Structures are given as C-alpha cells and as structure tokens.
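Shown next, in structure tokens, is the structure this report addresses.
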Amino acid sequence: MSIEVNGLSLDLPIYAANARSLRKKIIPTSVGGSLFANASDTIFVRALQDLTFTIRDGERVALIGPNGAGKTTLLKALAGIYTPSAGTISIRGEVSAALNAALGIDSEVTGRENIYLLGYYRGLSKSRIEANMEEIIATADLGHFIDLPVNTYSAGMQGRLTFAVATAFDPDVLLMDEWLSAGDSAFVAKAHERTKQFVEKARIMVLASHSLAIVREFCTHCAYLSRGRLLAYGPAEEVIKRYEADVSTGA
Amino acid sequence: MQESLPVDTHLRVALWDFVQGILNWRLWGFFGLHDIRQRYRRSSFGPLWLALGLGVTILGIGILYSQILHVDGQIFIPFLAISLLLWNMMSSIIVESTTLFLSGANVINSTRVPYTSFVLRGLVRNLIVAAHCIAPVILVYIFYRHPMTWIALLAIPGFIILLANMYWISLIVSIICLRFRDVGQIVIYATQLALFLTPIIWMPTQVRSGTPYIQYNPAYHLISLVRDPVFYGRFPAQSWVVSILILVVGMALSAATLVRFRRHLIFWI
C-alpha cells in the first residue's frame, strides 16, 4: 500500500454570476485558496497548490491546518472525487472514503435495512455485510430500535448506526473527514476503543482533523496545509509543534 | 492549467466509468429497485397504479381517437397500447435524465462513483415501471384477439437495441442538462411535442408514406423495433438499420462527451 502525490494542484471553477466582479480585485485572504481568472475568463479558486508527499504502508497521516486550507479538498482528491488539474496521485490499494458517514441513509426503512444500504454504498457485497451484521448491531447498541424506521431515531442514535457501519470493515486505504464524535458518554468510551481497533486495521489512514488530541492519539505523521499549500510533512509531533507555533504567532 | 493532463488520462477515467458502471450492474439494479420502493412506500397499490393509469389512458384515448381517426378500435387500441407502453418508458427515461446527476449529488460529492451508474440505475427504474405496465397491454391484446405470430419474439432483440439507445441518450442529456440548466426545460418540451409528432396516438398508415414525421423521426424507428414484430407481425428491417446507426453514432458522441467533460461534472452540480 502506498500513496504518492506529486505536484498536485487543483483548481475549482466558480460559476456564480457575481464572480465576474471579483475578477477586478484579487483579494488576499486568510481563509480559502487564492482567486484568479484564467484566459477564458472563468474565476478559479486554487484549492491545492503543488503538493508533493508520499505515504507508506502502516502510516496514519493527519491533515491539519486552519479553516479553508484544503484538507477536505485534498481528501476528496485522494478519494478520486476530484480530478487533479495538474500533477499526479498514485494510490496502491483499495480506497475507502468515509467522508460522509451518513451517505445512503434512507430514514423511512429500518436500521437493519439501512445497514445494507450503507454497506452497498461502500461497495460491499451482500454476503460481506451479512457476515458482519451481528457485530454491527452489537456495536450500534440500539436495542429493539434496530428494527424500527430510522426516522424514529434521535440524531445521536443515527450517528451510532452510521459509525457502527463505517467502522465495521477492513479498509486498505481509509480516508476520513473528522466525524468521530457521536453519541452520549457511555457510547463515546466504546467508540474510542472501536475507532482505535478500526484505525489499526487500516493499512493507511488519512484523517482531516481540528482536534490535536485525536491527531496525537491516532496518527503517526502529519501534513500541515495552509491556503492550499503544504507547509510541512513529517512525523506527527514535529509538524504539530510547527502548527502550534504558527497559530500562536498569528501567522 | 486545466488541460495539462494527457488525454489518455481522461480516456482511462472515462473507460473506468463505463466499465465499472456495467460491472456493478447488480448494485445499480438493487438501487433502481430501491428507488421504486421508496417512491411507492406507504401507498397501498404501489406501482400497480401505473398499470391502472396506463390501462385507463389506453381506453380513454383509444375509444375517442379511433373515432376521430376513423380507424376501427379493434386495430387502433392494440396499436395504441404497445405504442404508449414504449413511449412512456422512453419519455420517462429522457425526462428523468434532465436532473439525473443533481439527484445523485449527495453520492457524487461523498464517494467515487461511475457517473454511468446513475444512467443504469435510471434504466432499471424505468424497466421495473414498464414491467408493471405490460399487464394492461397484454389484457388489451387478449381482449381484441389480436393475431400474434412467432415473429413477435423478434421484439426482444429489438427491445435490447432500444434500451442501448436509451443508455447513450440518457447519458448525453444528463451531462448537458447538468451544465446548462435551461436545456432541461427544452428537453421536456421537446419530449412532450414528440408524443404528437410521432405515430403513437395516430397510425403511420394515415399520413402519406415517406413523410418526414415518420422517415426522419428517430423515435419512430426506435418504437418500431418492438412494435412492428408485436403488432404488425413483421420485421422492421429499415428501422433496425437506422437504430443501429443511431446507436453507433450516439455511443461515440456520448463517449466523447464523457471523456471531455467528466472531470468538470462535479463542479457543475
């Protein structure tokens, strides 16, 4: 398993009508990528600029940085949702994108049937889902609600269901946008243990997070992004120190 | 900076899209069924309403128009039945295509899916609806004791070619309507108009032969693939030639469109 990113750049076009007026002034801002216009007069946001790094088997990488740095955009590019504008991404291994945990939920069917739906959206076969069914139901810990429609659940209960499904399968390369908080305190302790097991099953994990506690706990390396650029990539503690230093000096 | 990637990357991705879409047919088939179940949940008759609706339409239009057109109901109503069945399926596929990717926006933004899977899912949905609607057509043919020959079986390969054509039409309409939101409206109006301009509620024998409304009407040829063997008991050689030609050109055109624009689709949602 490996992920090799080389010179990756990603431009997001803006089709809004009032983007025209932005062309007159390119405003440097502290959030988001840089705005510019190309020859054919469409406004672009350069969300990612010339990223190069390599993730090896067994590494768990956190993407950290201020809002609008490009963390989610990078995850989507790695997931294959965005096609790079320049540069290459080479991934060896099967990618499991857990960017939107609730993807596929149909609130009018039962929790049990939703487990199937959530599994299918992750490309899993019926037999594989059934093999893990008991474990998922036990983890979600919803009692008899598992056989009631999901629209009778509270938000926390829904979160537990999606969490149980998302962490039930062995991914090669796991991409996660931070959503690891769900449920009441009894569940949180259980979720913590389960997350740990799940994360350790993944050969490679890339996680976007604002919580440095989670980063320190689960991740071996960090990528520090800001305004679409990769400012630092390396072992977790080093990069976190650099990030914290920048934050305190108000960079 | 947008086009700095080599063309073969775009080709490879488009090919992956096409192949994955087809390989995972079980998955999209399941979701097509799921879409139907969702649509008719908590309704007592569910999709049987569609069959009922078609039956009522066939009788209503059939009895009235057989008088207007001075054609015996014995002949006209079976003609209308098969024509409406096919046209309802075709127009529903086309109209659904105008917002196909928009309705899948949640999925497209969350995970890597082949865009063609939405097309296939739509085809499965409409096939399920058409399967429910076959019942009133069969009843009509039995009631009027319409003569059927073994040639009717040729409708099956004809139907496959029809579906293959609906695939590329759905794909190209989806892509264009995603980029240009007005085109969806145009497509819907054009489809409504085509219902009247194509021999569906009027028979081809009632206009002079060689008229452009029949000869140059691709909808006519696609419908004839199935209608001719079933209703007329004849093999529509000319329609086959036209339909396969349309298929080849259409597939090439939609493939080229996918290759060129696939990378942009997510930004158009």
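Quick one: check the C-alpha center-to-center distance for segment A:101-145 versus segment B:163-209, whole angstrom. Comparing the Cα centres of segment A:101-145 and segment B:163-209, I get a distance of 40 Å. Shape of segment A:51-173 from its Cα gyration tensor (a ≥ b ≥ c, root eigenvalues): rounded if a/c is under 1.5, otherwise prolate when a/b > b/c, or oblate? The shape class here is prolate. With the gyration tensor restricted to C-alpha atoms of segment B:1-115, the semi-axes of the equivalent ellipsoid amount to 41, 20, 12 Å, longest first.
Computing the accessible area with a 1.4 Å probe over protein heavy atoms, can you report the carbon and sulfur percentage for segment B:2-268?
C and S atoms contribute 71 percent here.
Specify the angular offset, from 0 to 90 degrees and rounded to the nearest 10, of the alpha carbon long axis of helix B:155-179 from the longest principal axis of the alpha carbons in chain B. That helix lies at roughly 50 degrees to the long axis.
Segment B:76-146 and segment A:201-215 have Cα centres spaced 44 Å apart. Let a ≥ b ≥ c be the square roots of the eigenvalues of the Cα gyration tensor of chain A; is it rounded (a/c under 1.5), or, if not, prolate (a/b larger than b/c) or oblate? Prolate shape, in that a/c is at least 1.5 and a/b is the bigger ratio. Around the Cα centre of segment B:2-268, unit charges on the Cβ atoms of Lys, Arg, Asp and Glu (plus for the first two, minus for the last two) sum to a dipole of about 520 debye.
Surface analysis of chain B yields an accessible area of 49 Å² per residue, using protein heavy atoms and a 1.4 Å probe. Mind running the shape call on the protein assembly as shown? Use the C-alpha gyration tensor, a ≥ b ≥ c as the square roots of the eigenvalues: rounded below 1.5 for a/c, prolate if a/b tops b/c, oblate otherwise. The shape class here is prolate. The figure for B:R234 is an accessible area of roughly 110 square angstrom, using a 1.4 Å probe on the protein chains alone.
The values are calculated or read from the model by the stated rules, or taken from the named source; none is laboratory data. Not measured: the values here are computed from a predicted model. Here the Cβ is made from the backbone with ideal geometry for all residues, glycine too, and neighbour counts use every protein chain on show. Surface accessibility is based on the protein's heavy atoms, side chains included, excluding ligands, DNA and RNA. Shrake-Rupley method; radii C 1.70, N 1.55, O 1.52, S 1.80 Å.
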